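Following: one structure in structure tokens, then a few remarks.
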């Protein structure tokens, strides 16, 4: 089932302050796994709740397939929603929690008792909690609770699955385990799935496509590769992965740091100031490189397997960080020539990017 | 007394029957840094005070009630006026408590689960009966429904009796007991938020199903706790009821009012006999309340923190 949100506008405060969502549109293809990624306050959870019918937009529509669901209640939309804090019913057993959505149906559509039980146990198998059906939520670990919450959301054969920070409350190790597990469940059940996260690793690793939100609008939607390799806006570049931003000048289609020219192909003769984003792994130390910029090392840190150096680029362009093998012995104060393999340039006041190769 | 205290001090873990709070007091190092001596003194002072001002009077009630033997006690309770007072008290509680359950649930639901303007004002309003003297509460109803009151002439014309009749007593009782259920539930429901309800709705449950299958199970112990307190106050209320009742023997006398009348007539044994019933109610309430607190402390507001 394809799920579409069209031009959603939502303002909680009612004043003219910045709205929670400012004209957001999102298509989630049938069977697709899409991540809504953004910092807190970017509106990602609000968008998810509006799709679910837990909140209603001031303007805009939500479609399930061809059906306009904008006026439908949360019950009528039949989506599975998984909350960050699991929200399992404490007074019910695991099996009763999973069966809840089937038990509350009216007489005509409610399956017989035996069928409900069979379905609950089947889902328990799916989420790999076989044998725990009689437990209470209080007797489960955080990861187990989240699995039960997912099984409960799947029980009613939902038209889509919406997960709000599904692993937000778990510790790092459990998060990683559940990530691959969720991917597997998605492959097996094929539900159209949207999940909210502020963890870019989670989004990039799990999702077919990632929508990056900031201040109530979508900055970019794309595959993890597109998002990471071709960020559409300065915000996305700054938010996804590590990057340093340098202040550079564009003169007649060429980039300059001070008087040092950087090769920037395919750019018409425009002029202005802008920012060049470079990732640590795209900066190399070019011994005896004629095209290199002389830069000064100001600090050196050990970062796991590599050594990370903070380098001041001349002409007040800013600082970059580079990664080098641990064996390389940097010294603060040393001057080295560096070269940029790749980078993305954004002219101030313009969203459009040009890549430096 | 001091021997017992010393024992608690040295072997806190072995006193299985010691109330939990005492065990905590002694096993933790004192906040202020003073030794267990200060704790013993504080506990001692509290115990002496409780004995003198609570336990002793309560014992006297039962002692006086049975002073002339069980037959006299039974006779006092079996007197027509006493029986009608007991019956009236039960009736008033049976009307006021269910109504306050409904009001309390509605108020707590509205406050905890919805956002609206004037919410804090509503919370203040719910607490009003706690800050208003019960006598004033009674007078309010006399001014509204009494013969000289705002609606008095209209009520008289339609032959409806409120003041100096059962409806007035019920109204006054509802007024003074209003906060009990609501306050217990507001605190708990605000704590719980709307998460569980949203899950139930997203799973297709109707509003009614959500209330009975999710909300009610989540709040049932707090609700019972509030009902218990509400009931104790409803049966024991004197001031507000005294103003609106008119003290008509056998008709509008509740148990507390009846106790006062008997006492003023120097019918001490009978007065204490009826009073002993009220005291018994208090004891039952206290035990039930303690049981609820120890058994279901996680399901009551403000008692689950620190876990």
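Here are the numbers for this structure:
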| quantity | calculated |
| --- | --- |
| Flag if residue B:224 is under 14 Å from residue B:100 (Cα atoms) and either surrounded by fewer than 21 Cβ atoms within 10 Å (Cβ to Cβ) or touching a strand residue (DSSP E or B) at 6+ places or on another chain (Cβ under 8 Å) (or both) | yes |
| Residue count, the stretch B:253-280 (criterion: in a loop (DSSP other than H, G, I, E, B) and crowded, with 22+ Cβ neighbours inside 10 Å) | 2 |
| Hits in the stretch B:89-118 - residues which are farther than 18 Å from residue B:219 by Cβ and at pLDDT below 90 | B:115, B:116, B:117, B:118 |
| Residue match in the stretch A:17-32 (condition: in the same structural domain as residue A:161 (by TED's automatic domain parsing) and farther than 30 Å from residue A:201 by Cβ) | yes |
| Selection count, the stretch A:57-76, where residues are outside any strand (DSSP E or B) and touching a helix residue (DSSP H, G or I) at 6+ places or on another chain (Cβ under 7 Å) | 4 |
| Criterion (in a loop (DSSP other than H, G, I, E, B) and either at negative phi or in contact with a helix residue (DSSP H, G or I) (Cβ under 8 Å, 6 or more places away or on another chain) (or both)) met by exactly one of B:67, B:76 | B:67 |
| Residue satisfying all of: in the stretch A:77-86; more than 8 Å from every other protein chain (Cβ to nearest Cβ) and out of contact with any helix residue (DSSP H, G or I) (no Cβ under 6 Å at 6 or more places or on another chain); nearest to residue B:216 (Cα to Cα) among these | A:84 |
| Subset of the stretch A:65-94 (residues that are farther than 26 Å from residue A:47 by Cα and buried (at least 20 other Cβ atoms within 10 Å of the Cβ)) | A:94 |
| Number of the exception - residue B:206 against (1) free of Cβ contacts under 8 Å to residues at least 40 places away in the same chain; (2) within 30 Å of residue B:240 (Cβ to Cβ) | (2) |
| The stretch A:137-149, residues that are under 23 Å from residue A:3 (Cβ atoms) and away from every other protein chain (no Cβ under 12 Å) | A:146 |
| Residues that are closer than 30 Å to residue B:267 by Cα and not in a helix (DSSP H, G or I), drawn from the stretch B:79-117 | B:79 |
| Among the candidates A:232, A:172, A:207, residue that is modelled with pLDDT under 90 and closer than 21 Å to residue A:42 by Cβ | A:232 |
| Those helices (runs of 4 or more DSSP H) lying entirely in the stretch B:155-227 with at least 3 residues in contact with a helix residue (DSSP H, G or I) (Cβ under 6 Å, 6 or more places away or on another chain) and either more than 14 Å from chain A (Cβ to nearest Cβ) or within 28 Å of residue A:104 (Cβ to Cβ) (or both) | B:166-192, B:195-202 |
| Hey, residue A:152 surrounded by fewer than 17 Cβ atoms within 10 Å (Cβ to Cβ) and either touching a residue at least 12 places away in the same chain (Cβ under 8 Å) or out of contact with any strand residue (DSSP E or B) (no Cβ under 6 Å at 6 or more places or on another chain) (or both) or not | no |
| Count - residues of the stretch A:87-108 that are more than 9 Å from chain B (Cβ to nearest Cβ) and part of a loop (DSSP other than H, G, I, E, B) | 3 |
| Residues satisfying the stated conditions in the stretch A:29-45, i.e. assigned to a helix (DSSP H, G or I) and more than 14 Å from chain B (Cβ to nearest Cβ) | A:44 |
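Condition check ((1) within 18 Å of residue B:195 (Cβ to Cβ); (2) touching a strand residue (DSSP E or B) at 6+ places or on another chain (Cβ under 7 Å); (3) not assigned by TED's automatic domain parsing to the domain that holds residue A:209) across all residues:
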position	(1), (2), (3)
A:47	no, yes, no
A:58	no, yes, no
A:65	no, no, no
A:76	no, no, no
A:88	yes, no, no
A:95	no, no, no
A:100	yes, no, no
A:109	no, no, no
A:117	no, no, no
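The values are calculated or read from the model by the stated rules, or taken from the named source; none is laboratory data. All values derive from a computational prediction rather than experimental measurement. So basically every Cβ, Gly included, is an ideal-geometry build from the backbone, and we count neighbours across all protein chains shown.
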